[in-house]
Amino acid sequence: MNKPIPFSRIGFDLLQAQLIWTLWYLGILVLVNIVRLVFSADEIDTFYNHAFVASNVYMLVIGIISIYFLPYFVENGITRKNYFYGNIIASICLSILIPIIAYVITIFEGLVLSNLKQSMLHAVPDPDTNFIGDIFQSILLTPHVDMEANLLLSLGLFSINIFGFYLIGWLIGTAFYRLGVIGGLCFIAISLLIIVAKDSFLRIAMDHPLFESFSIFEAVPESMALVLVFIILLVPIFLIRLLTKRAPVKI
Amino acid sequence: MNIVARNLNFAYGRHEHVLKDINFEINEPKIYGLLGRNGAGKTSLLSIIGSFREPTSGELLIKGEAPFENAEVMQQVTFMYSKDFSSETENAKSLLKDSNRYRPNFDYDYALQLAEKFKLDLKKPLSKLSKGKQSIFNVIVALASRTPITIFDEVYLGMDAPARDLFYKELLKEQELHPRIMILSTHLVSEMDYLFDDVLIIKDGKLLLHESYEELLSRGVTLIGSKQAVDTFSNGKDIIHHEQLGDTHSVTLYGAFGEDEKQRAKQQGLQVGHSSLHDLFIQLTKEED
């Protein structure tokens, strides 16, 4: 018998497919940014800061869609396991590449518009104690560091944020695929908790103030926070594998 | 390459007993016709062979191994069904390249030749093709995959008669050049029966029979003539169909019917004929009144 297809090849193919989507997304984002530059009278965000926020939603969406690669690969004789590991590789690479591409575009943007007044978006918590509001803010205002303040930390944070959103998108998509509507809705709730926990640990690690509704996390020591960020990201990974391990392909 | 099912049972969701205690063995690279009425369990059985699903109990083995999540076995099996391409924006050429990448025996040049023969537009997104052309694409992928086990589950939907005819010819040619286990599930029994070397019939989740095509046909005998003569020869036999038109009676018998018996029936003025697979299938799988 021939040797089975390695998951690295699946990862490469999945990355390629999702990178094509990403280039479309970033292209549209560049256009939006140009329109904002033209029509905005005052200061506007850099492309980097713009992408920092928008990419969360983008990664959530493509994460949801990514479960539909599973039946495609099984139909082509690839195991669910190789699909899973392949997509983990692809999503990590994508999460590293998007911030770098956004950074490069921003440098070009700066060169083209050298007199651009830059204003940075800071994640300043809202005093509002509305829980739902805090969840939405935690999605929109993920912990942020200026790329000019500390480029590596900023890129790293960007990557972790979008990787987290990709994972919960993938988890939600998988739950709907495997468990139906009710199961899917339950996993949306689980995913929100994962995101809130991840953001809170990141805020603690970076010494940013926590949202009031999530003050429960204050007990977490700063030294442990970053480790907990990585541990909390393992939760969706573990759940996705659990749900896809023996998933039937329904026809 | 072989497929063995032992006490295979399958159920899912609210569907209990989709497959019930299925036992069979497929050892030779031949064309197998899998027949059964709607909901009989054909697609479920094929889904298990194709690693789309797992058995509930019992086992299904390919070369002695369970196929589910078995990387080596899975790449040797193509399970082609009537896919929904309504949201497939990729074109046929790009998808053929994917298959070429994942299937070790895939013959890309042969796939392109088939596309030309079937007049398939390789540059159009799959979603924009007609149902018949989408079916042609599926057929091309399965034929060119050259996997030791190739399954066609009702993939001929929407294909017009000339396209189906071309497919049957290509199938036979492929089987001659690259013999493999081909399983065809179909409702077009009378049109495809000549392709089958063996026939498996499923009824209500149970395997009703697994025999060679010739043997099965020889078991079905039709007698037409007077009531008395028909009754005499059908006495004690398994009558699967009975019809009466005026004084003329017609019965379809299922089971061994020797040459000497046929001769005597003819001498008694009976018309003796063989049932077609189509008729046998209808009679053997009809619901009891």
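Each reported figure results from applying straightforward, stated rules to the coordinates on display, with no laboratory input. Nothing here was measured: the structure is a model prediction, and the numbers come from that model. Counting neighbours? That spans all protein chains shown, and the Cβs are built from the backbone with ideal geometry, glycine included.
Normalising the average separation of contacting C-alpha pairs (under 8 angstrom, six or more residues apart) by the number of residues puts the relative contact order of chain B at 20 percent.
Per-residue shielding of A:74-85, expressed as the average number of other chain Cβ atoms within 10 Å of the residue Cβ, stands at 6. Near A:V235, once Lys and Arg are set to +1 and Asp and Glu to -1 for all other residues with Cβ below 12 Å from its Cβ, the sum equals +2.
Across the protein assembly as shown the C-alpha pair distances fall into 20 Å bins from zero in the proportions 18, 40, 26, 11, 4, 0 percent. Relative to the longest principal axis of the Cα atoms of chain B, helix B:92-102 runs at roughly 90 degrees. Simple rule: put +1 on each Lys or Arg Cβ and -1 on each Asp or Glu Cβ in chain B, find the dipole, and look at B:G255, B:S212, B:H242; the Cα lying farthest toward the positive end is B:S212.
Output the relative contact order of the range B:218-285, whole-number percent, from Cα pairs under 8 angstrom with separation of 6+ residues. After rounding, I find 43 percent.
A helix-only calculation puts chain B at -10000 deg cm²/dmol for mean residue ellipticity at 222 nm, using -39500 (n - 2.57) for each DSSP H run of at least four residues, averaged over all residues. If you run the Gaussian network model on chain B, springs between alpha carbon atoms under 10 Å, then out of B:L270, B:L126, B:L216 the most flexible one is B:L270.
Across B:N138, B:N38, B:N100, mean-square fluctuation computed from a Gaussian network of chain B (C-alpha pairs under 10 Å connected) peaks at B:N38. Charged neighbours of B:Q76, selected by a Cβ distance under 15 Å, balance to +1 (K, R count +1; D, E count -1).
Quick check: from the Cα gyration tensor, does the range B:218-285 come out rounded (a/c under 1.5), prolate or oblate? The shape class here is oblate. Which pairs, out of B:K30/B:K173; A:K3/A:K250; B:K117/B:K173; A:K250/B:K206; B:K237/B:K262, put more than 18 Å between their alpha-carbon atoms? Too far apart for the 18 Å limit: A:K3/A:K250; A:K250/B:K206. In whole percents, the pair-distance distribution calculated for the range B:97-209 from its alpha-carbon pairs, binned every 10 Å from zero, is 12, 45, 32, 10, 1. When the scattering of chain B is computed by the Debye formula from its Cα atoms alone, each counted once and equally, what is log10 I(q)/I(0) at q = 0.14, 0.16, 0.17 Å⁻¹? Computed log10 I(q)/I(0) values: -1.03, -1.23, -1.33.
When peptides A:235-247, A:156-168, A:176-188 are ranked by their average number of other Cβ atoms within 10 Å per residue, the highest-first order is A:156-168, A:235-247, A:176-188. For the residues of B:46-52, the average number of beta carbons from a partner chain within 10 Å of their own beta carbon is 4.
Take each residue in B:95-101, count the other chain C-beta atoms within 10 Å of its C-beta, and the mean is 2.
Computed with the Debye formula from one identical point scatterer per Cα of the range B:1-71, without solvent, the log10 of I(q)/I(0) at q = 0.13, 0.22 Å⁻¹ comes to -0.35, -1.01.
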